Amino acid sequence: VQLQACGGGLVQAGGSLRLSCAASARTVRDHDMAWFRLAPGKEREFVGTIRRSGGRIYVGDSVKGRFTISRDNAKGTVYLQMNSLKPEDTAVYYCAAGTPILSYSRRPQGYGYWGQGTLVTVSS
């Protein structure tokens, strides 16, 4: 399983960015696809996930109402749409794939495959 994240960059507070995670159609179909982020001095934080079965989406409390996840099964790509960005959203964002049980779907331990990160910087 290979994951390739891209789309990061510098954006002003209040702006939007869309991150992409390129995988394969099979990967996206057979795995929960998640986003985590890591900011300096902080622990890795769950951003959101889209479940392999049913496509249900869960997002973290800090991004609820601002971020959403979608997937294009045919293209084998998962997206993280980030709106109303805040300086505290500055982090390296990682996509991940796995088959966690629901109770582990918000934990990094639930995902066995990780892409390289893409840096998002939000200026105030």
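The values are calculated or read from the model by the stated rules, or taken from the named source; none is laboratory data. Since this is a predicted model, take the numbers as computed values, not measurements. Cβ sites come from the backbone with ideal geometry, for glycine too, and all protein chains shown count toward neighbours. These accessible areas exclude ligands, DNA and RNA; they are computed on the full protein's heavy atoms, side chains included. Shrake-Rupley method; radii C 1.70, N 1.55, O 1.52, S 1.80 Å.
With contacts taken as Cα pairs under 8 Å and at least 6 residues apart, the stretch 1-102 reaches a relative contact order of 36 percent. For the chain, the Cys residues with no second cysteine's beta carbon closer than 4.7 Å are 6. Please list, by residue number, everything in the stretch 1-45 whose backbone N is under 15 Å from a paramagnetic label point 7 Å out along Cα→Cβ of residue 84. What the label zone holds, given the 15 Å backbone N cut-off, is 13-17.
When 6, 95 are compared by accessible surface with a 1.4 Å probe, the order from highest to lowest is 6, 95. Dipole size of the chain about its Cα centre, with +1 on Lys/Arg Cβ and -1 on Asp/Glu Cβ: approximately 280 debye, rounded to the nearest 20. If R0 equals 25 Å, the separation of the Cβ atoms of residue 119 and residue 29 corresponds to a calculated FRET efficiency of about 0.30. Counting each DSSP H run of 4 or more residues in the chain as -39500 (n - 2.57), what helix-only mean residue ellipticity at 222 nm follows after dividing by all residues, to the nearest 500 deg cm²/dmol? Using -39500 (n - 2.57) per qualifying helix, the result is -1000 deg cm²/dmol. Comparing mean-square fluctuations of 14, 60, 98 from a GNM of the chain with C-alpha springs under 10 Å, the top value falls on 14. Springs between Cα atoms under 10 Å define the GNM used for the chain, and in it the highest mean-square fluctuation of 74, 91, 22 occurs at 74. Computed with a 1.4 Å probe over protein heavy atoms only, the accessible area of residue 62 comes to about 50 Å².
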